[in-house]
Every structure is written in C-alpha cells, then in structure tokens.
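K.L.:
The structure is given below, and queries will be raised subsequently.
The values are calculated or read from the model by the stated rules, or taken from the named source; none is laboratory data. Bear in mind that the values here come from a model prediction, so they are computed numbers and not experimental data. Cβ placement follows ideal geometry from the backbone for every residue including glycine, while neighbour counts extend to all protein chains displayed. Ligands, DNA and RNA are stripped out before the accessible areas are found, and what is left, the full protein with its side chains, is counted by its heavy atoms. Shrake-Rupley method; radii C 1.70, N 1.55, O 1.52, S 1.80 Å.
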Amino acid sequence: MTEAETVYRPHPEDHTFLDSNEIVINMGPQHPSTHGVLRVVLRLDGEKIIGSECVIGYLHRGVEKIAENRTYVQFNPYVDRMDYAAAVSNSLGYCEAIEKIMSVVAPPRAQYVRVILTELNRIASHLLWLGTHALDIGALTPLFYCFREREEILKIFENYCGARLTTHSFRIGGLQYETYDGFEKQVNVFCDDFLHKVDEYETLLTGNRIWLQRTKGIGVISAEDCIQYGVTGPVLRGSGVKWDIRKAMPYCCYPDFEFDIPTGQNGDTFDRYIVRMEEMRQAVRIIKQAVAKIPDGPIMAKIPKVIKPPVGEIYHSIEAPKGELGYLVVSDNSTQPYRVRVRPPSFVNLSALDIMIRGHLVADVVAVIGTIDIVLGEVDR
Amino acid sequence: MISDTLNTAGAIAKGMATTLKELFQPTITEDYPFEPPNFEGRFRGVHVLQRDANGLEKCVACFLCAAACPSNCIYIEATENTGDNRVSAGDRYAKVYNIDYNRCIFCGYCVEACPTDAITHGHDFEIASYETGTLVYRKEQLLAKEPQGAPAK
C-alpha cells in the first residue's frame, strides 16, 4: 500500500455534499498552532472536517532505546526532555518507578520537596498551556501575564537546581540538592500572589464573548469516549470523570494533603479550560500545605552506589499536568534497564483528536489541539 | 438580547480594566542582549576547570566525570606529572580535556562525580555557533584563570 492510500483513506460514514469537493489538506508540521511538529491530515467538505489523521514522529529521538544503553542513573536527565514543559513531573515518575523496583522509599523531606516542585511545575505547565491556547484562539494578552508568573516559577527552579526547563531536579532515592535559603518564603510569596493572578486571567477570558463562542461546544468528547480512548488528565476530568492518580493510586506523600479534583460537565473546550484553571488553584493549595509542614531530615535514602534492581518489572504512574504518565521498567539485574516503556499522556490524548474535531471547522482544530495540551517531545519521544 | 449585549460589554470592560491596571505596573522584563541576564547561583552553564591556590590544576585525570556522563561528551587523555613539569597536585593530570558541547546536556553529573571539585558549572551560556567543530571545547578554553600571586612555573 502506498502512503497516500494509508493516510487518505475515506471513512465509510462520511459523505461530502453531492460526494464532491472533498479537499485534503495538511495542517503542519510547520503550522504554529500545532504546538510543535505535528502534522494533521484533514479531509474537508468545504470548511467542515469529515476526517483527520495525525502523522507523528518528526521529533522522534528514540528515548526508550537510549534507556537500554544507559545506566539507571544516567537515563535520569533524558526523561526531562520528553515533556519539556513539565520536566519535574517526568523526573518524579521515573525516580519513583526505579525506587519502587528497588524497594526504596525516599525520605519524608525529599518527598515534600518533590511535591512542592511538582505542583509548581503543574502550574507552570498549565500557564504555558493557557497562554498559548488563548493566543491560538486570538487572545493575545493572557500570554504576557502567564509568562510573567511562569518566569517566577522558573526562577525558583533555577535557584533550586540550576536549570529552568530541563531541571534534572530529582535523583533515584531522593534529592541531590538541599533547598536554598529562603526557598519556603519564595514559594509562599509566589503562592499568595498567584491566586489573585488566576482571577486576573479569568477576568480576561471567562466572560469574554469571543472566548465563549470559540470554546463552548467545541471539541466535545463524552466520558465513555474518553475512557474508550484511554484519555486521562484534564481532558478526562473536563468530561465529568473524577479520576486523578493522586487520589486514585496515591504516590509520593499526596495522601498527606487535602485537595479537590475539579471536573466539568459538558466535555467541551470551555470545561477543560475551567478544569485547568481550578487545578492551578488546587496546586497552590497543595503547595501551601506542603511548605507549612515540610519536615527536617535527610534528603537521600540509602541506595547503593551502583544501582542494580532485582529481576522483575514494574509499572508506576503519576498524575503529570497532562494526564497519566506511566513508566514500565523491566530489570534483568544489570546496571542498565532491559526495557523502559513510557506511557505518555500527550500521545494517548492525541488519539482522541479525530473524534473531537469531526464536524467542526478548520479554525476549531486549532482550539482543540490547544485544549488537549500536547507536547510533541512527549508524543514522539 | 439586551442583557446579552450588556454582558458582553461588561466582560470586555472588565478585561480592559485589568489591562489598564497592568499598564502602570513596573517593567519586569530583562533587556537581555543589551544588558547581562540575571542568573541564580546554582545555574548550570559552561563548565570551568578550577585551579587550586597555587595555580595548579585541580583535575587529576581520574576519569570519573567521563564515566558519569550520560552523553559521553567528555574526552580525557591522562599523563603523569614529572618533577620539572608539574601541572596538578596529584600523580596525573589531564593532558587533553575536551568537552563536546554538541552533546553536553548540562545535567551536572560530572560536577557531582568530581572528587577534587575540579570541574564546576560556570554561568557562561552563549555557546551557539554556526560550526559544530568549534563546539568541542579544549582544556585551555575551560580552565579558570590563574589566581593572582600564584608562584611562577
């Protein structure tokens, strides 16, 4: 079969008006609204979408294969490069997976610092999403405000571990760096300030007529479809399913904190926006609790110099900003993993793009890609 | 219909008020290419090979940094120190010490691995180049300046 036949196959249920005027266009990989190098092949009837197919792999770096040729410790910085908007979450998932297979538990202080940084990263990721998503739809202003607050979070990261995006902040067994002087204060100041800022973003968007018309009823996905496609994260919660790994399968020290899981009802772009805005507020709530009762003590568990986990395999998943991020690690008792398989939230969520955009206009594809919140580094790995 | 229009007008007015308020806030952006950027203390930039108080190189060519490196970007050739050619305080010194910045991911493992604190992260970051060959930094480019008052060799 040629490439043309595989990519442009007609869907039996779709008919264009008088079975004519069907246009096939490529959106991407150079399109600015596809948030990276995603190519969407759209079949159009006029401006209505009657089918679509995602072509991915433009950013494939073979991260999983690299893992098989690196030691467990050496692979740690590589996971930061998958979802580079939420590097801390990736690192948390990987470190916890290896700790689980080694039956090691990070000390309480390390766990609290991990939660603080991961939740800060959740806010940073959602801010990046909000700014670019609003920009795609036509609201230019929120981008500047979002990046202003994101910058403060990145400063905290830089201060803590020396890098802004690819942080490499956690190590297997705990943390490498002790928190710097004034860490708690800086985080607290940010949190107090940030709640007002979220309200500020909402004044710009929530009531805005253009925003409402571009988001309400766009990209609707039902709860059943979400579960069928394995969609997780804010997209699933926007459809009304109360599912959050932090509550459902608690990891790290999340059981110590009180927080709510926001959900939507309609499963449209607007609901997912509301869910993410509320998630940022909940993240602030978690951070404040964690900073208030951060314990003293060691930051690194006792782990051997050369990490050789026992033979076996483990699956560990965490709630990354974009959904369930899972690591399947297979160990053969050598210094290098036999296999590392990553379950990236963006990749799985992207599979639902087709049913979300059918029947909508081309301009809505931009809104829906934005609302799924994909990072192509993670989709292609 | 009328309430719809009023709601729309109200929402726009609210958004515009926010923008207007922000107009009078102090500027927070950095004027980077014209002014140096601000870095925090732990920033991981281009490496610096340190010297001790006598001006000798701290690196003793133990290869731990090269072993720890996830991207294999450190290349070292070791040589013995001799009486009339003493470069480091240990037995050996690095005759060649290259870091390939095409590959380096600035993870910091080399700095953590170093037993003599010879390799550290500096705050330099402007290493972009049109030629990849120039990105292989040699020991001479990475070494710190000799401290003042160091004995002449």
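K.L.:
Would you mind giving the average projected area, over all directions, of the Cα convex hull of the stretch A:249-381 in nm² with one decimal? Provide the component values of the computation, followed by the final result.
P.N.:
Values: hull surface 44.7 nm².
Computed as one quarter of the Cα hull surface, the answer is 11.2 nm².
K.L.:
With unit charges on the beta carbon (Lys/Arg positive, Asp/Glu negative), name the residue among A:Leu59, A:Tyr72, A:Gln30 whose Cα is farthest towards the positive pole of the charge dipole of the stretch A:29-76.
P.N.:
A:Tyr72
K.L.:
Give, as a single signed number, the net charge of other residues whose beta carbon lies under 15 Å from the beta carbon of A:Ile227, with Lys and Arg counted +1 and Asp and Glu -1. Don't jump to the answer; show the numbers that get you there.
P.N.:
Working: positive: A:Arg237, A:Lys242; negative: A:Glu224, A:Asp225, A:Asp244, A:Glu324.
Net local charge, A:Ile227 excluded: -2.
K.L.:
Still on this structure, I have one more. Just to be sure I understand: with springs between alpha-carbon atoms less than 10 Å apart, which residue in A:Arg276, A:Arg122, A:Arg343 has the highest mean-square fluctuation in the Gaussian network model of chain A?
P.N.:
Between A:Arg276, A:Arg122, A:Arg343, it is A:Arg343 that shows the largest mean-square fluctuation.
K.L.:
Let me ask you something else. Checking a compactness column here: for the stretch A:165-315, what do you get for Rg(Cα) / (2.2 N^0.38 Å), N being the number of residues? It would help to have the intermediate numbers written out before the result.
P.N.:
On the way: Rg = 19.5 Å, N = 151, 2.2 N^0.38 = 14.8 Å.
Taking N as the residue count of the stretch A:165-315, the ratio is 1.32.
K.L.:
Still on this structure, I have one more. How long are the semi-axes of the equivalent ellipsoid of the stretch B:6-86, defined as square roots of 5 times the Cα gyration tensor eigenvalues? Whole Å, largest first.
P.N.:
On the way: eigenvalues 663, 62, 15 Å².
Equivalent ellipsoid of the stretch B:6-86: 58, 18, 9 Å, largest first.
K.L.:
Please express the shape of the protein assembly as shown as an equivalent ellipsoid: the semi-axes are the square roots of 5 times the eigenvalues of the C-alpha gyration tensor, given largest first in whole angstrom. Walk me through the numbers on the way to the answer.
P.N.:
Working: eigenvalues 401, 147, 118 Å².
Ellipsoid semi-axes (Å, largest first): 45, 27, 24.
K.L.:
Rounded if a/c is under 1.5, else prolate if a/b is larger than b/c, else oblate: which is the stretch A:130-221, with a ≥ b ≥ c the root eigenvalues of its Cα gyration tensor? Before the final figure, lay out the partial values.
P.N.:
Numbers: a/c = 2.99, a/b = 2.09, b/c = 1.43.
Prolate, because a/c is 1.5 or more and a/b exceeds b/c.
K.L.:
Next question. Please express the shape of the stretch A:68-226 as an equivalent ellipsoid: the semi-axes are the square roots of 5 times the eigenvalues of the C-alpha gyration tensor, given largest first in whole angstrom. Display every interim value, and only then the final one.
P.N.:
Details: eigenvalues 213, 84, 36 Å².
So the equivalent ellipsoid measures 33, 20, 13 Å along its semi-axes.
K.L.:
What does the net charge come to around A:Asn349 if you take all other residues with beta carbon closer than 9 Å to its beta carbon, with K and R at +1 and D and E at -1?
P.N.:
On the way: positive: A:Lys322; negative: A:Asp373.
Local charge sum for A:Asn349: 0.
K.L.:
Over the stretch A:71-380, how many percent of alpha carbon pairs lie in each 10 Å bin up to the one with the longest distance?
P.N.:
That works out to 6, 28, 35, 22, 8, 1, in percent per bin.
K.L.:
Taking Rh as the Kirkwood radius computed over C-alpha pairs, what is the Stokes-Einstein D of the stretch B:47-142 at 20 °C in a medium of viscosity 1.002 mPa s, expressed in µm² per second?
P.N.:
Working: Rh = 13.8 Å.
In µm²/s, the coefficient rounds to 156.
K.L.:
Would you mind giving the mean number of other chain beta-carbons within 10 Å of the Cβ of each residue in B:101-113, as a whole number? Could the numbers behind the result be given before it?
P.N.:
Values: counts 0, 0, 0, 0, 7, 5, 10, 7, 7, 0, 1, 3, 0.
Partner Cβ neighbours, averaged per residue: 3.
K.L.:
Quote the charge dipole size of chain A about the Cα centre in Debye, to the nearest 20; the model charges only the Cβ of Lys and Arg (+1) and of Asp and Glu (-1). The partial results should precede the final answer.
P.N.:
Numbers: 41 positive and 49 negative charges, 221 e Å.
Roughly 1060 debye for chain A.
K.L.:
My understanding is that a pair violates if its Cα-Cα distance is over 27 Å; which of A:Lys65/A:Lys305; A:Lys293/B:Lys14; A:Lys242/A:Lys308 do that in this structure? Mind dumping the intermediate values first?
P.N.:
Values: A:Lys65/A:Lys305 24 Å; A:Lys293/B:Lys14 38 Å; A:Lys242/A:Lys308 38 Å.
Cα-Cα > 27 Å for A:Lys293/B:Lys14; A:Lys242/A:Lys308; rest within.
K.L.:
Most fluctuating residue of A:Asp271, A:Asp354, A:Asp296 in a GNM of chain A with Cα springs under 10 Å: which is it?
P.N.:
Comparing A:Asp271, A:Asp354, A:Asp296 in the GNM, the peak value goes to A:Asp296.
K.L.:
Among A:Pro309, A:Pro142, A:Val198, whose Cα projects farthest towards the positive end of the dipole of chain A, with charges put on the beta-carbon of Lys, Arg (+1) and Asp, Glu (-1)?
P.N.:
Most positive-ward Cα: A:Pro309.
K.L.:
A follow-up question, please. So what is the 222 nm mean residue ellipticity for chain B from helices alone, if each DSSP H run of at least 4 adds -39500 (n - 2.57) and you divide by all residues, rounding to the nearest 500 deg cm²/dmol? Could you put the intermediate results ahead of the total?
P.N.:
On the way: 4 runs with 36 residues, N = 153.
Computed ellipticity for chain B at 222 nm equals -6500 deg cm²/dmol.
K.L.:
Cα axis of helix B:2-23 to longest principal axis of chain B: angle in degrees, 0 to 90, nearest 10?
P.N.:
Taking the Cα atoms of chain B, the angle to B:2-23 is about 40 degrees.
K.L.:
Can you grab the distance from the C-alpha centre of the stretch A:297-366 to the C-alpha centre of the stretch A:137-186, Å, no decimals?
P.N.:
Each part's Cα centre sits 22 Å from the other's.
K.L.:
Which percent of the accessible area of the protein assembly as shown is formed by carbon and sulfur heavy atoms (probe 1.4 angstrom)?
P.N.:
Values: 13420 of 24180 Å².
The nonpolar share, carbon plus sulfur, comes to 55 percent.
K.L.:
Tally the DSSP beta bridges in the protein assembly as shown and give the antiparallel ones as a percent, rounded to 5. All intermediate terms of the calculation are to be shown ahead of the outcome.
P.N.:
On the way: 44 of 46 bridges.
The answer is about 95 percent antiparallel.
K.L.:
Follow-up. In debye, nearest 20: dipole of the stretch B:47-142 around its Cα centre with unit charges on the Cβ of K, R (+) and D, E (-)?
P.N.:
Working: 8 positive and 13 negative charges, 20 e Å.
Once rounded to the nearest 20, the dipole reads 100 debye.
K.L.:
Sort the following peptides by mean Cβ neighbour count (other Cβ atoms within 10 Å, averaged over residues), highest first: A:281-290, A:332-341, B:28-37. Please report the intermediate quantities before stating the final value.
P.N.:
Numbers: A:281-290: 20.4, A:332-341: 16.0, B:28-37: 9.1.
Final packing ranking: A:281-290, A:332-341, B:28-37.
K.L.:
Please work out the Cα center distance from the stretch B:59-108 to the stretch A:189-211, rounded to the nearest Å.
P.N.:
When both Cα centres are located, 51 Å separates them.
K.L.:
So, taking all protein chains as they sit and a 1.4 Å probe, how much accessible area belongs to A:Leu195, in Å² rounded to tens?
P.N.:
For A:Leu195, the solvent-accessible surface is approximately 60 Å².
K.L.:
Which number do you get for Rg(Cα) / (2.2 N^0.38 Å) in the stretch B:100-144?
P.N.:
Values: Rg = 11.4 Å, N = 45, 2.2 N^0.38 = 9.3 Å.
Here the Cα radius of gyration is 1.22 times the empirical estimate.
K.L.:
Something else: Enter the mean number of other protein chain beta carbons within 10 Å of the beta carbon of each residue in B:10-21, as an integer. Don't jump to the answer; show the numbers that get you there.
P.N.:
Details: counts 1, 10, 5, 2, 6, 12, 3, 1, 9, 6, 0, 2.
Partner-chain Cβ atoms within 10 Å, mean over residues of B:10-21: 5.
K.L.:
How well do other chains shield peptide B:43-50, expressed as the mean number of their Cβ atoms within 10 Å of each residue Cβ?
P.N.:
Details: counts 6, 7, 2, 0, 0, 0, 0, 0.
Average neighbour count from other chains, rounded to a whole number: 2.
K.L.:
On to the next question. Which of B:Ser88, B:Ser71, B:Ser129 ends up with the largest GNM mean-square fluctuation for chain B, with Cα atoms connected below 10 Å?
P.N.:
B:Ser129
K.L.:
Once a ≥ b ≥ c are taken as the square roots of the eigenvalues of the Cα gyration tensor of the stretch A:70-127, is the result rounded (a/c under 1.5), prolate (a/b larger than b/c) or oblate (a/b not larger than b/c)?
P.N.:
Working: a/c = 2.90, a/b = 1.24, b/c = 2.35.
Because a/c hits 1.5 or more and a/b fails to exceed b/c, the stretch A:70-127 counts as oblate.
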